Amino acid sequence: MNLPSTIIRLSTSRTIWLGLFATGVVVVLIAVRAIFADARTPVAPSPSAAASATLVKSERVRGELMTIRLEPLAGRPRIGVTDEWSVVVTNERGLPQKDCQVAFDGTMPAHGHGLPTAPRVSASPEAGRYRVEGVRFSMGGYWQLDVVATCGNALQRARFDLRL
Ligand SMILES: [Cu+2]
């Protein structure tokens with residue numbers, strides 16, 4: 001065996017090992033990036049949201065923290081049907097909040113459109129419960145439902161993710 005061929009063979013095997021090492025590093029980097037990208041991705045709206053009858057959420061903007069509950073009177077959200085929904089507002093002690101100003105709206109962010117109807121909110125005989133009439137989802141997909149409740153000096157906002 002002459003010297004030059006040994007050098008060539010050595011350098012070839014070193015190149016292969018370097019290549020394998022580099023590939024390993026790239027694979028690890030891609031995996032780490034994927035994990036972090038996944039962690040950053042906001043939680044996708046769960047498909048079970050449509051199946052559940054009640055959506056509960058609250059985000060304090062001002063004043064006391066309250067809970068906003070959203071209920072389809074039909075028992076579940078429906079597509080292509082004009083339904084009545086309820087907004088129920090309770091305070092931290094679970095007491096119903098009456099005389100609130102409640103606003104309701106729905107949009108499909110991916111499509112840039114809202115509900116085909118203009119829902120009207122009114123008080124109901126039950127304290128803390130507000131009627132939302134004229135809720136109609138024109139199509140299936142991801143909807144955002146926004147509720148804003150002003151009760152005295154407290155202002156609450158809730159955005160519900162709904163996949164239909
Ligand atoms: Cu749409």
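Rule-based calculations on the coordinates, nothing more; no lab input. Nothing here was measured: the structure is a model prediction, and the numbers come from that model. Note that each Cβ is placed from the backbone with ideal geometry, even for glycine, and that neighbours are counted across all protein chains shown.
Here are the numbers:
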quantity	calculated
Residue tally, condition of a type outside the set (D, E, K, R) and surrounded by 14 or more Cβ atoms within 10 Å (Cβ to Cβ), over the range 80-95	8
Complete set of residues in the range 80-108 that are of a type outside the set (A, V, I, L, M) and within 16 Å of the ligand (Cβ to nearest atom)	GLY80, ASP105, GLY106, THR107
Sole residue being under 15 Å from SER58 (Cα atoms) and in contact with a strand residue (DSSP E or B) (Cβ under 9 Å, 6 or more places away or on another chain), chosen from LEU162, LEU115, LEU155	LEU155
Count of residues meeting criterion [on the phi > 0 side of the Ramachandran plot and more than 10 Å from the ligand (Cβ to nearest atom)] in the range 109-153	3
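Condition check ((1) charged (D, E, K, R); (2) farther than 18 Å from GLY140 by Cβ) across all residues:
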| position | (1), (2) |
| --- | --- |
| GLU64 | yes, yes |
| SER86 | no, yes |
| ASN91 | no, yes |
| THR107 | no, no |
| ALA127 | no, yes |
